[in-house]
Amino acid sequence: MVSLHYPMTYGHRHAWAVLAVIGAAGVLIRRFFVLRQSGRSAPVLPAVAVLLLLGLTVALAPGRESSPAGAATGETGDFVRVQAIMRQRCVACHAERPTQPGFAQAPGGVLLDTPDRIRTAAPRIHQAAVVARTMPIANLTGITESERATLAAWVRNGARGD
């Protein structure tokens, strides 16, 4: 159920720990219901589960991740370079007519084939390619850390298209 609906979980650099916390919360909640069915009560179990999940939510909140590699190297993230990255790494899937086999339409309806569309999608690009690191899917097109840092710098500098 976690799968593609919540990329901040499986795209996190500590995805194994995220899964462990979700699993532990599930075990605690299940144990509570098993005990309740047998006539006993342990309200501390769901309380601990809720605390675990709240802590996980805070830990996964955007903006808590460390800077991507290269973000402090002084890269300007100029729009010409951003457009080149989009053409090379993203447009095969995120175009009106995707050329990537298996895609009849752009995933999530996100189109990145014009400068205006790239600027409009800047927050989504940042979240998916820099923060969650779930795009490109399975890094199918081989985006590099340097390219991710360029995208991060571009967004940090206002995602301008000049």
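Coordinate-derived values only; no laboratory data. Note that the structure is a prediction, hence the values are computed from the model and not measured. All Cβ positions, glycine included, derive from the backbone under ideal geometry; neighbour counts span all protein chains shown.
A simple charge model with +1 on the Cβ of Lys and Arg, -1 on the Cβ of Asp and Glu and nothing else charged puts the dipole of the range 79-156 at about 140 debye relative to its Cα centre. Using DSSP to call loops (not H, G, I, E or B), can you name the GluC sites (Glu not before Pro) in the range 86-162 whose Cβ has at most 16 other Cβ atoms within 10 angstrom? The qualifying sites are E96.
State whether the range 7-60 is rounded, prolate or oblate according to the following rule on the C-alpha gyration tensor (a ≥ b ≥ c being the square roots of its eigenvalues): a/c under 1.5 gives rounded; otherwise a/b larger than b/c gives prolate, and the remaining case gives oblate. Here the range 7-60 falls in the prolate category. For the pair Q83 and A20 in one chain, pulling the backbone fully straight at 0.36 nm per residue adds 18.8 nm over the alpha carbon distance. Normalised radius of gyration (Cα atoms, divided by 2.2 N^0.38 Å) for the range 79-156: 0.98. Here the calculated FRET efficiency for V58 and R31, from their Cβ-Cβ distance with R0 = 25 Å, stands at 0.55, rounded to the nearest 0.05.
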